[in-house]
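Report on the structure given below.
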Amino acid sequence: MKKLLLTFATLAAASSAASAQVEIGLKLSPSINYFRVDAPSSPFNYDFKNEGARIGLGGGLVVDYFFGENVAFSTGLWLTGKSGEFSYTDPNPNLFGATVKKQMGIQYLEIPVSVKLFTNEVAPDIRLYFQVGGTVAAPIGARIDGEKRYKDPGTGVETTALKHVFFFDANALVSIGAEYQLGKSTKTFAGISYHRGLINLDSYFGDERKSEFGKDVSIKNNVFALDLGLKF
């Protein structure tokens, strides 16, 4: 009886593995990035403002694990550049309340955790997809105003740019796109994705300058990306 149950379990596992399909590919994602910045207006009006969008670039490995013909768990490993520019009014007496602008560029190693839903063919060899989920990321490099080190004009203290960035980031992810079958196992895809930062990336105003700014300064990533890729 035990041998029979073991045989059935082995056959079931083999059948499940055979029905599952894994597609692996590479993608390149030029993007438009900006920061969502916020700080309370009291007891001092720091007047944090977004100062415009920047161009970024990312890409890496895409892995789609299909549970059925039209449903896949999508993950991978991406190297993503995110950046933005913001300004604030510095309360330090050395600056007499002057406005300071900072341009930050951060490089993340990012892992998506998402689900992709595919339509049936809407045209010969073409299917649409909808992706929803999130990503987790860790910063591996940063620059402020193009430099790896930053001297604060308010305090005169120099720090590494990476010290200004929280060690962890998480993003909500939604995207829509189309996939085209080039050959038996080769596909190309193009889509548009939105990545909304959920974690306050600031690790400077609330730590190094906590006595002046407190813990309420919030800086979060926002990214719109064009995803272009090839699966094998």
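Just so you know, all these numbers are worked out from the coordinates, no wet-lab data involved. A quick note: this is a predicted structure, and the numbers were derived from the prediction, not measured. Neighbour counts are summed over all protein chains in view; Cβ atoms, including those assigned to glycine, are modelled from backbone coordinates with ideal geometry.
Exceedance of the 22 Å cut-off in Cα-Cα distance is limited, within the set LYS49/LYS210; LYS27/LYS148; LYS116/LYS220, to LYS27/LYS148; LYS116/LYS220.
Here the ratio of the Cα radius of gyration of the chain to 2.2 N^0.38 Å is 1.31.
Between LEU228 and ASN120, the modelled labels are 3.2 nm apart [label points 7 Å from Cα along Cα→Cβ]. Need the C-alpha centroid separation for region 147-219 versus region 73-133, integer Å. When both Cα centres are located, 7 Å separates them.
Listed peptides 160-168, 93-101 appear in the order 160-168, 93-101 once ranked by packing, highest mean of other Cβ atoms within 10 Å at the front.
Evaluated with a Cβ-only charge set (Lys, Arg +1; Asp, Glu -1), the chain carries a dipole of roughly 560 debye about its Cα centre, given to the nearest 20. Computed over the chain, the per-residue total of -39500 (n - 2.57) for DSSP H runs of n ≥ 4 gives a 222 nm mean residue ellipticity of -3000 deg cm²/dmol, rounded to 500.
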